[in-house]
Amino acid sequence: MKIIAINGSQRPIGNTSNILNEMQDAFEREGVEFEILPIYDYDLMICNSCLTCEIRGDGRCMDEDDGFNQILDKLREADGIVLASPTYAGACPAMMQAFLERATLVFTKGDLGLSGKVGGAVAVCGHDGASLVYNQLVDFMLRNGMVVCGSNPMPVFRALNSPQYSDDVQGMKGVSSLVKGMTSLLMRLNGYE
């Protein structure tokens, strides 16, 4: 079983990145392969709603030069997906928002490539806005027909400078709950339980 995590942060060594590294360790202890794709490694174009993806219907965006279609291919191959994002100005950062917008159009107008996949979300904020970011990520997954795994408490962090994420005891419990829940769900769906 494999999970792909999209890191929506622009910071290569920040709270979001460190949380995903902790998740990677936890998933791999459970026997689940976990790969992190940092969105800042790509120079993604914004969606201009040309709807070529709908006309083509093949699950690909017409812009083949920015690595976006390769990200989508990795997501299609995964059993599960984690979306993790910091909060910038009360919402997802621009690069993550561009990814979510394009991916939503390509998947919903094309091949529904995420339908039935297990998903989880993680949000981080310095002061406020993490609930909105969390909801943006969950909404993306629901809109794409994914099975969203909840957790108690939610993996929503209050952390400004890294490694402050580790001081948020409830957030860390939320990540642990999410890892256990996603692993259990993946095992059931794959006939291991």
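Every number in this text was worked out from the coordinates using simple rules, so none of it is lab data. Fair warning: this is a prediction, and the values are worked out from it, not measured in the lab. FYI the Cβ positions are ideal-geometry reconstructions off the backbone, even for glycines, and counts take in every protein chain you see.
Brief remarks on what is shown
- From R188, R102, residue being under 21 Å from A78 (Cβ atoms), among the basic types (K, R) and either without any contact (Cβ under 8 Å) to a residue 40 or more places away in the chain or not in a helix (DSSP H, G or I) (or both): R188
- Residues being in contact with a Phe, Trp or Tyr (Cβ under 8 Å, 6 or more places away or on another chain) and either surrounded by fewer than 17 Cβ atoms within 10 Å (Cβ to Cβ) or at negative phi (or both) - total across the range 53-81: 6
- The set of residues in the range 78-99 being in contact (Cβ under 8 Å) with a residue 12 or more places away in the chain and of a type in the set (A, V, I, L, M, F, W, C) consists of A78, I81, V82, L83, A84, A89, A91, C92, M95, M96, A98, F99.
- Residue match in the range 90-98 (condition: assigned to a loop (DSSP other than H, G, I, E, B), surrounded by 15 or more Cβ atoms within 10 Å (Cβ to Cβ) and at negative phi): yes
- Count - residues of the range 105-146 that are under 22 Å from K2 (Cα atoms), part of a loop (DSSP other than H, G, I, E, B) and of a type in the set (D, E, K, R): 2
- Count of the range 104-147 residues which are among the aliphatic types (A, V, I, L, M), on the phi < 0 side of the Ramachandran plot and surrounded by fewer than 19 Cβ atoms within 10 Å (Cβ to Cβ): 4
- Any hit, the range 179-193, residues being among the acidic types (D, E), in contact with a helix residue (DSSP H, G or I) (Cβ under 7 Å, 6 or more places away or on another chain) and surrounded by fewer than 17 Cβ atoms within 10 Å (Cβ to Cβ): yes
- Criterion (hydroxyl-bearing (S, T, Y) and more than 15 Å from F68 (Cα to Cα)) met by exactly one of T16, T52: T16
- Subset tally (residues that are touching a Gly at 6+ places or on another chain (Cβ under 8 Å) and of a type in the set (D, E, K, R)) for the range 144-174: 1
Let's see how each residue does on (1) touching a residue at least 60 places away in the same chain (Cβ under 8 Å); (2) in a helix (DSSP H, G or I); (3) touching a Cys at 6+ places or on another chain (Cβ under 6 Å):
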site	(1), (2), (3)
I6	yes, no, no
P12	no, no, no
N21	no, yes, no
A26	yes, yes, no
I36	no, no, no
C47	no, no, no
C53	no, yes, yes
C61	no, no, yes
R76	no, yes, no
